[in-house]
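Below you will find the structure I want to go over with you.
The values are calculated or read from the model by the stated rules, or taken from the named source; none is laboratory data. Values in this document were obtained by computation on a predicted structure and should not be read as measured data. Heads up, the Cβs are rebuilt from the backbone with ideal geometry, glycines too, and the neighbour counts pull from every protein chain shown. Only protein heavy atoms, including side chains, enter the accessible area calculation; ligands, DNA and RNA are left aside. Shrake-Rupley method; radii C 1.70, N 1.55, O 1.52, S 1.80 Å.
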Amino acid sequence: MEYGYLEFNIEKLLAENNISKNKICKDLDIPRPNFNRYCKNKFQRIDANLICKLCSYFDCDINEIITYVPAKNNNK
């Protein structure tokens, strides 16, 4: 059974706020390779501390950072 997946909207937030990846990584002390995985939705686990940092940095709610995409064929 498929349950859907999570998508990060970081690239959109960066563009809307005219912030570079280098700047946010430096400001939040995040290793660039790790941050790139989140930007490209290639992550295995979600770091709750990173989510808190991003919410604080962008002054937004978690739903602006992460979107749940339901499975297309979810047979219950």
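Does Tyr68 satisfy the criteria of being of a type outside the set (Val, Ile, Thr), in a strand (DSSP E or B) and at pLDDT 95 or above?
yes
Which condition does Phe35 not pass, out of (1) open to solvent by less than 60 Å² (accessible area, probe 1.4 Å); (2) part of a loop (DSSP other than H, G, I, E, B); (3) among the aromatic types (Phe, Trp, Tyr), if it passes all the others?
Only one criterion in (1) open to solvent by less than 60 Å² (accessible area, probe 1.4 Å); (2) part of a loop (DSSP other than H, G, I, E, B); (3) among the aromatic types (Phe, Trp, Tyr) is unmet by Phe35, namely (2).
Looking at region 11-25, which of its residues are over 14 Å from Ile66 (Cα atoms) and in contact (Cβ under 8 Å) with a residue 40 or more places away in the chain?
Asn17
Closer than 28 Å to Ala71 by Cα and open to solvent by less than 30 Å² (accessible area, probe 1.4 Å): which single residue out of Leu54, Leu6, Leu28 fits that description? Please lay out each step first, then the result.
Details: Leu6 fails: open to solvent by less than 30 Å² (accessible area, probe 1.4 Å); Leu28 fails: closer than 28 Å to Ala71 by Cα.
Residue meeting the stated conditions: Leu54.
Got a number for residues in region 36-69 being in contact (Cβ under 8 Å) with a residue 24 or more places away in the chain and within 19 Å of Ala15 (Cα to Cα)?
At the first step, the residues of region 36-69 found to be in contact (Cβ under 8 Å) with a residue 24 or more places away in the chain are 38-39, 41, 43, 46, 53-54, 57-58, 60, 64-69.
Subsequent filtering for residues that are within 19 Å of Ala15 (Cα to Cα) retains 38-39, 41, 53-54, 57-58, 60, 64-67.
Residues that pass the stated criteria total 12.
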